[in-house]
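For reference, the structure discussed in these notes is given below.
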Amino acid sequence: MSGRIVSHENVQGEYRLTITKTGPAGLTKFNQSGRFSTAANVETHVGSATVSLEKGAHYDVQFLIEAAGRSYVCDAPGGAKI
């Protein structure tokens, strides 16, 4: 999975992608952050992670973007359950 950014104008900023997986095998937390730059109306993917889920596991995702003096948060609690 990755973060996806689409803007109506050229923009640059920073992102943070946090994935937390909880299950019978324990807890795993993945954090990735960095800078990005994207042109208007162009889909830009940032960060990248592969999460395997065993039976009884689930994951939560939080994606934070800071750009043009504003912050945007996308939460996906309960991203997937098996």
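Miscellaneous remarks
- Selection over the stretch 1-24 of residues that are under 19 Å from Val51 (Cα atoms) and of a type outside the set (A, V, I, L, M) gives a count of 10.
- Taking (1) modelled with pLDDT of 95 or more; (2) surrounded by fewer than 11 Cβ atoms within 10 Å (Cβ to Cβ) in turn, Glu43 satisfies each apart from (1).
- Some residue of the stretch 53-70 being without any contact (Cβ under 8 Å) to a residue 60 or more places away in the chain and among the β-branched types (Val, Ile, Thr): no
- Search result, residues across the stretch 1-29 that are crowded, with 17+ Cβ neighbours inside 10 Å and either among the small types (Gly, Ala, Ser) or over 20 Å from Arg70 (Cα atoms) (or both): Met1, Gly3, Ser7, Gly13, Ile19, Thr20, Lys21, Gly23
The values are calculated or read from the model by the stated rules, or taken from the named source; none is laboratory data. Note that the structure is predicted; figures quoted are calculated from it, not measured. Please note: Cβ atoms are built from the backbone with ideal geometry, for glycine as well, and neighbour counts cover all protein chains shown.
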